[in-house]
Each structure stands twice: as structure tokens, then as C-alpha cells.
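Quick one: this structure, given as C-alpha cells, is what I'll be asking you about.
None of the figures in this text is laboratory data; all of them are computed from the coordinates on show. If you're wondering where the values come from, they're calculated on a predicted model, not measured in any experiment. Cβ coordinates were reconstructed from backbone atoms using ideal geometry, including for glycine residues, and neighbour counts include every protein chain displayed.
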Amino acid sequence: MGKKNYRLKEEKYREQVTRYSLRKLSIGVASVALFSFVLSSPQVYAATSSESNTSNAASVQTSGASASSSASTDDVRVAGNQASDGNLIDKTTTTTTTKDSQGTTTTTTTTGTLDPKTNLSTNDQAASLNSEVNKANAAGVKTTQTADQTYDNVQAAGNDYANQINNLNKTTSDYKQAVQAFQNSLKKYNDTVNSYQVAKQEYEQALAKYNQEQAEYQRYKERNAQNLADFKNDSNLTDVSQTTTSSIGNEETVTSATVKLPTELEKAIKEAQQLGMTVNQNDSSEADSSADALSKYATMTEAINKAITEYKQALSNYEAQMAVYADQKKKWDEENKAFKEYQKQAAESQGAGAVVAAQGLVFEQQKDATMTIEGADTYMTKEVSDQLNSKDVISRFDKASLDAMQDASGNKTAYQQNNPHGEAENTWIVLKKGQPVTVTYHNLTGATYNGKPIDHVVYKYELESSSDGTNEVMAQIMHDPTETIWVGSNSTDPNNHLRVKMTIAFYGSDGNKFDTSDGKAVLSLASLNHYTTIPYISDSGQQETIQMNHLERVNIGNNEFVGIPGSSVTLNENGWVYSVNSNQRVSEGAKFDADDMYGYVNKQTGETFYTSDSDITNNKYVLAHGGTQNWVAASKTVGWDDVPSANNGKWPVNKYYGAGAMKLTGDYIEFDVSGNTPDFNTSYWFNINSSIAVPQDPGNPPAQPVKPTANVEYNQLTVSKSETVKSPTAPKPEFDHEKLGEKPQAPEVPSAEWHLAKVVNVAKETVPDKPAEPNKPAEPSKPTEPTKPTELNKTPEPTKPSPVKAVRQISTETQPTNKKRLPQTGDEKDTKQRVLGTILLAMVSFLGFTQLASFFKKRS
């Protein structure tokens, strides 16, 4: 029953001792009964309320079965004071009457249950037992209703409820705190578990990734080893190396090597260097692979070989151009030498310089001159003339072909008796031996002699012999007297001479002939050709030559010869003026070509080809040597025998080379041509004018060709294989993966017992018949020390309280009302007062006031 039951036994023991003392003091039975009545009387209780309340409170505290040990006396007092009879439910009242030796005793018993819904103040808050049980149940506390407890007053019952409320409240509060602590721990644990699971998952993922990276890293190592082995086994590679670097968590291994230069490339480089080409080696560059490098080397080799071919061609062209340049420079040097010599003669008034300075005849090109022809009886038709003009200077003089042109009657159709041309046109005639032809020129412009105008000029031609033995030749009479005459015919024997005698006379406006005996009429003896071969291109495209000795010369008769510095023409035996050696072609040893010559260079071979053809499209030699596309024009040389009409209206600066001059002091001259073979017609162009073919300023020397340069380049190729891998780093778990920790356990559900408090108020009223000597009470035995209760390890779970009705104690006699039935000595109040007075008086008499006061003090 605990300490409270022990205190209750001790209190009863003291009461027994007190009662024993009263008997020992020989208080009669009536006095003892009366004293007991006084102690239980409400009037007496009320009279000593301040002391008796304290005593009763202490008594209830010790007897409460479920009172909390933590409740203070003041708390219980306050709680008990809050309960009143009005809080009792299920109230019943029973009355019994008994009679014994002491008298007649009336016992009134009032029974009721203190309502568990009664609000009581505990720990500064209002609560009821019912609400606390509900709260405990709601909080999960296991409540159990135990047997009701019985108290003799409402205050004690209220204190019981207050103690139960305190206990329930504390049990509930402690359990809530334990639950909350558990939930907090569980949440923390769950959070830890969640964090653990996340961290573990991340770690496992990181670990799996690390394992993959490790596997990839191993493969990366294997690839590097394989790359190194492949490079070392490749015969095209040298300087094999392997380097490894790390950066920003990645590792890179580069296997590299130099690709050897192929033999073909080395050969091309060496050839280019030997040719004088500039060979540059560029910085090394990367190839995708060994095969790619070899392909690029092949491209380099091809480019260098192409450059070598082009350079060789350019070099050949250069060398050909240098040959052309050397030829042109040589000619320029000759022209410049002749010019300087002539300048010296002019400065010293010697030789041609003095003659030209004394020139009194002005007789130059006469493009507007008109002419009349007398003495000719055979003219070529206009159609034939046009045909002849379209042919070259050799083939046009095929007189036999013209003679063969006959009609059905045998008449020659190539000729006619009258001149079909106008006075300002060149005219083709047949010049016959023994039949002189006189040509008179009018409409002259700027022609003078010693300052006097020349009105007209008369040329007289007499054929002395022909080259074909027919005593007839073809002659083209030029309408410009300064271009004079072309003569020619077929050839039958190289020794046959075509010779024409020519008389020259200048007339003034008065019709008189100018007297030129003073030697101031100086005429040019130009176009005196001498050649020993005739070049041609065979059908197979080869250059061929025909040997002959074509010689043109002039016999000046009684006229005076004037030599020209640098000219090939000299005065020879019997007054004949001609060039002793060939002056027609450089290929024959001449210093200049008589005809316009075009030099071409073969782009493939660098060969130089000279031809008089300005258009080589159909040139047989060109066609046989790669075609026009393989040849480029390198030079053009104006022939010294060119006419002004073919040279922008000017005589060539080197015309002097095939010319001489004479002072017209006699009446006639003769010009003669011989040496052609039967396969080549004989022709001769003779012109007379006052433009003495003296050396002219050749101008600037020809530009020397620039030697070609060529740059070729190559670069050493390298190959490499790069392998990159992420550097694997083992993950470190950011959690305790060895031990997660113990999962918190839910607190044990506490048990709490509660009970209803019943209030049983018993009132006894004994009316003694006659007081008797009280019996000596037996010596009470000292109560045994109760066994100290052990601390309960587990509070029983309370169950939800339910109102319990108080047990009614039914007496054998039920009183209809609560009013006591007293003897017929007055009402109950007066009777009690009288009895009390009697008892007090007896006690004072027996004990004295001092002992009585001591008694009450002990009682309290």
C-alpha cells in the first residue's frame, strides 16, 4: 500500500493510544462516548476548523491510494477545497439504529461518488480527472480503472482526484515528451538514413563510374602500348617517342614519329638544288597517318618535279631568249657601231658623212605620185596582177605559168595590150629585150634638187638579158618612184643573168633636165641581196635548205660610188657594186636578216626557231614539234630589206647593211641578178631614192632576259596518335558506411491507473441509558513497521475512466428523511449542547483545566 498506508496505520495507532490514555484516566463509558461524539460532531469540528482542516488534510494525504508523490500539501489542500457536496453524483443516504450496553446508537450513512468531471486546480491549471484520463488515452497512455477509493469527506476525495490528475498529467506529459523525443530521434535517424542512402547511392554511382574509368584507363594504357609498337614496327617512321601530360583531370598520351622522306622526294629535292632552284624546308607538319604522310610526300614530289619541269622549260626559254638576246644584242652592237662610225664621218666631213651633208637631192617616198608607161605592149590583166600580188617574191615570178594561160585559139589570156591599172597603181608588164620602156612620174611631193622643185622624173628600162633565156622578164613598175621596180622570171641556169639598164633623169618645172654633174645628186643603191641558200620546211616538218648563189649587183658606170659605214655592199671589179658574202640571213653568216624574222621558243625544249612567218599556225615545222601551243614568240627583227610600208612608214634602221650610194654624175646604171637554180625563179627589187641608207640611231639596247628563278618547298611530316582519358580518382564516401547507427526505439507505452473516489459520511448518535465505568482497554500493540514499498518499474496503463456509482450500504431500516430522531428531551441541537456541557464539566472536574488543555493539544 506504500508509505501513505503506513502513515495511516501509524495514525490509527496513535488514536488508540490516546483512547487508552483516556480510559486509564478513569473516564467513564459515558464520558468516552460523549467525547467521541464531540470529536465527530460537526459543531465541534466547526469550532476547531483551522486546526482540524490541517489535520484532516494530512490524514487524507496519507490515505490516498493513487496520490502523486510529487503533489505538495498545499496543492492537495487547494484541490480539496474546490470539491463540494454538489460535485457528488449517485448519492444515497441510509440510517440504522442499534442498541447495546452503552445505549441506543443511530447511524446515518451518506454515500456518493465525486464526479470525475469536476474541475480542480492543480499546478496553476484547471483540469478534471475525466479530461486527464481522456488526454492520457489520446496521448496513447494505457489507462486502467481500478477499484474505487473511499473517503469520509469530499475534500479528501478532491485531493485524491487532484493527485490522480497530477499523476496522469505527469505520466501523459512524460510520455508525450518521450514520444516527441522519440519522433525527433526517429526523424533525425530517418534523415540520417535518407542522407546515408543518398550518399551511399552517390558513392556507389561514383564507384561504378570510377570502375568504368579504371577499365577505360586500362584500355587507354593498352592502346598507348599498341600505338608505340605500331610506330616502331612501321619502316617509314623514325624518331618514335611517347609523352604523357595531365591537365584538369585528364591524361593525354601522344605517340609521335617522323615520317622518312621517300627516295623519289629526296631525288627531286636534289635535282632542284642542282638546277639552282631554291628549295625551302618548311616547319614540320602533322599527317593523319603514315599512309597519309606518304600520300602528301607524293604530292610534294609531284609538285617539285612539276616545278623542275617548268623551271627547266623556263630555263630553256631563258637560254633561248638569251640566244635571241645575244643575236639581237649582236645586231644592236653592229648597228650602234655603224651609227657611231657614221656620226664620226659626219662630224669630220668625211666619207658618207660628207657626201650626205652635201646632198642636194631631196627625193623620198612619193605615195601620191602618178605614172605613165610608154614602150610596153604587154600588160598583165588585173585579175592576174591581183594573183601575183598575193604570192611571195619567189613564186610570183613564174612567167612560164603565165605564158601557159591560153584560150582555145591559142591566145595568152594572162596578158593584154593596154594598161588595166590607173596612174596611181602598181602595174605588171612584160619587159622585152630591145623594147625600152619609159616611166614618167608626176605629182611629186617635196622633191627638189639644190633647192629647186623637181617636176617629174623619167626612168628608162632596157632589158639586156633574162634568166630563162627568153629575153623577156616580168616587171612590176611601182607607182612610187622611190620604190622603183621589181623584175624577175623563171630560171634555167644559175649562170644566166637577168640584167636591166636604167637611165635616170630629174626635170624641173621648166621642162629642163637638172644637171647633176656637180655630184650633189646622191642616190641610194639599196636592196642588194646576196644569199647562198633558200631554207624551207619539208612535209615531215624538218628544216631543209637549197644551195644557190643568188647575187644582186649594180654597175654604176660613170657615177661615183659612196660606201656606207657597216654596209655589206662594196665597190668591186669593173664598177660592180654588191655584197661579196651573203647578207641575206644570219644563218648564212650575215650580220642581219634581209627579211623580217620571227623568233619562237619551244616551251618544252627551249629550242629557238626563226621563220619569216608571222603566223605559225600552219607552219610545218611548228606542227611537227608540238603545235602552236608549245611555242611562244620570243623576238621580231625588222629585215634590212624591208620597205617603209611594212615598217610603219619608215625605212629600217639597218637598211644600210644591204645598200650603198652613188653620186649621179653619169647617165645610166645597170642592175644585174644571177645564181638561181631552175627550181627557183629569179627576182630582183631595185629602188632609187635620196634617202641614203646610212646608219640610224638603234635606240636602247635590247633588254636582257631575266634568268628564271623557282622556289620549291617541302616539309618534314610527322604522325602522332593521341589518346586521352579521364584520370580516374577513387571516390571517398562522405558518410559512415561502416556503421549507420542504432535506430531509436519507440518509448514503452506507460500504464496509468485511476479510480473513482467515493465519499462515505457516517454520523452516529448514541444515547446512553446510564453511564457505566468504562472497561480498561487492552494495551494496544505497537504496529509493526510496514515493509518499505519497492519502486514500481512500470506504471500500469490506465484505462479510460467511466463514472462509477458509489456502493450503497443499505441498512435494515430506512429512514424517510435525513433528520435524526432524538429522545423526547428536546430537539437535536439542544440535546447536543446539554450533553456537551455536561461532559465538559465532568472532564474539568476530573482532570482539571490544565490536563484538559493538554489533552486537546495532543489530540490536535
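Search the structure for amide H atoms under 5 Å from the amide H of GLU607, placed 1.01 Å from N in the peptide plane, and list their residues when 5 or more places away or on another chain.
Here the answer is ASN602, since their amide H atoms fall under 5 Å of that of GLU607.
In addition: Restricting things to alpha carbons, find the Rg to Rh ratio for segment 537-681 using the Kirkwood radius for Rh.
1.06
Also: Segment 501-587: percent of C-alpha pairs farther apart than 21 Å?
Taking all Cα-Cα pairs of segment 501-587, the fraction more than 21 Å apart is 49 percent.
Between GLU222 and ASN194, how high is the FRET efficiency from 1/(1 + (r/R0)^6) when r is the Cβ-Cβ distance and R₀ = 45 Å? Nearest 0.05.
That pair, GLU222 with ASN194, gives E of 0.60.
Could you work out the equivalent-ellipsoid semi-axes for segment 673-756, taking the square root of 5 times each eigenvalue of the Cα gyration tensor, largest first, in whole Å? Intermediate values should be presented prior to the final figure.
Numbers: eigenvalues 3363, 85, 63 Å².
Semi-axes, largest first: 130, 21, 18 Å.
At q = 0.15, 0.18, 0.19 Å⁻¹, what base-10 log of I(q)/I(0) does the Debye formula yield for segment 297-452 when every alpha carbon is treated as an equal point scatterer in vacuo?
Log-scaled intensity ratios, in q order: -0.98, -1.10, -1.14.
Continuing with the same structure: Can you work out D for segment 242-356 in µm² s⁻¹ from Stokes-Einstein, where Rh is the Kirkwood radius over C-alpha pairs, the temperature is 37 °C and the viscosity is 0.692 mPa s?
163 µm²/s
Could you check the simple spin-label distance between GLN542 and SER727, using points 7 Å along Cα→Cβ, in nm with one decimal?
8.3 nm
Apply 1/(1 + (r/R0)^6) to the Cβ-Cβ distance of GLN125 and GLN745, taking R0 = 41 Å, and write down the FRET efficiency to the nearest 0.05.
Result of the calculation: an efficiency of 0.80.
Could you state the orientation-averaged shadow area of the convex hull built on the Cα atoms of segment 453-552, in nm² to one decimal?
9.3 nm²
Taking the Cα atoms of segment 562-614, what is the range of coordinates along each of the three principal axes, in descending order and whole Å?
So the three principal-axis extents are 53, 18, 17 Å.
Can you list residues from other chains, or at least 5 along the same chain, whose modelled amide H is less than 5 Å from the amide H of LEU88?
Hits under the 5 Å cutoff: ASP115.
Estimate the FRET efficiency between ASN549 and LYS452 by the formula 1/(1 + (r/R0)^6), using the beta-carbon distance for r and 41 Å for R0, to the nearest 0.05. Intermediate values should be presented prior to the final figure.
On the way: r = 44 Å, r/R0 = 1.07.
Calculated transfer efficiency: 0.40.
Let me ask something else about it. Can you tell me how much longer the chain between ILE394 and SER246 gets when fully stretched, taken as 0.36 nm per residue apart minus their C-alpha distance, in nm with one decimal?
Result for the pair: 44.2 nm of gain on full extension.
If one computes P(r) from the Cα atoms of segment 111-270, what percent of pairs lie at distances over 18 Å? Write out the running numbers ahead of the final one.
Numbers: 9861 of 12720 pairs.
Counting every Cα pair in segment 111-270, those more than 18 Å apart make up 78 percent.
Report the trypsin sites (Lys or Arg not before Pro) located in segment 503-602 that are in a DSSP loop and have at most 14 other Cβ atoms inside 10 Å of their Cβ, or state none. Kindly include the intermediate steps, with their values, before the conclusion.
Working: sites: LYS513, LYS520, ARG553, ARG585, LYS591; in loops: LYS520, ARG585, LYS591.
Hits after loop and neighbour filter: nothing returned.
Using square roots of five times the C-alpha gyration tensor eigenvalues, list the equivalent-ellipsoid semi-axes of segment 285-337 in whole Å, biggest first.
That gives 47, 8, 4 Å for the three semi-axes.
Need the C-alpha centroid separation for segment 108-176 versus segment 271-348, integer Å.
The distance from the Cα centre of segment 108-176 to that of segment 271-348 comes to 129 Å.
Sticking with this one: Suppose each label sits 7 Å from its Cα in the direction of the beta carbon; what would the SER587-PHE182 distance come out to in nanometres?
Spacing of the two 7 Å Cα→Cβ label points: 13.0 nm.
Using bins 10 angstrom wide from zero, how does P(r) for segment 658-721 break down, in % of all Cα pairs?
Histogram of Cα-Cα distances, whole percents per bin: 10, 21, 17, 15, 10, 8, 7, 6, 4, 1, 0.
Now for a separate question. Tell me whether segment 708-767 comes out rounded, prolate or oblate; compute the Cα gyration tensor, take square roots of the eigenvalues as a ≥ b ≥ c, and use a/c under 1.5 as the rounded threshold. Numbers along the way, then the final one.
Details: a/c = 18.42, a/b = 7.38, b/c = 2.50.
Judged from the Cα gyration tensor, segment 708-767 comes out prolate (a/c at least 1.5, a/b above b/c).
Place a label point 7 angstrom from the Cα of LYS340 along the Cα-to-Cβ direction, then list the residues of segment 682-702 whose backbone nitrogen is under 18 Å away.
Under cut-off, by backbone N: 695-702.
Turning to a different aspect of this structure: Would you grab the residues whose amide H sits under 5 Å from the one on VAL562? Only those 5+ places off in sequence or on another chain, please, with H modelled 1.01 Å from N.
So VAL562 has HN proximity to ALA661, MET662, LYS663.
In addition: Pop a pseudo-label 7 angstrom from the Cα along the beta-carbon direction at both ASN711 and ALA147 and give the gap in nm to one decimal.
A separation of 12.6 nm, rounded to one decimal place.
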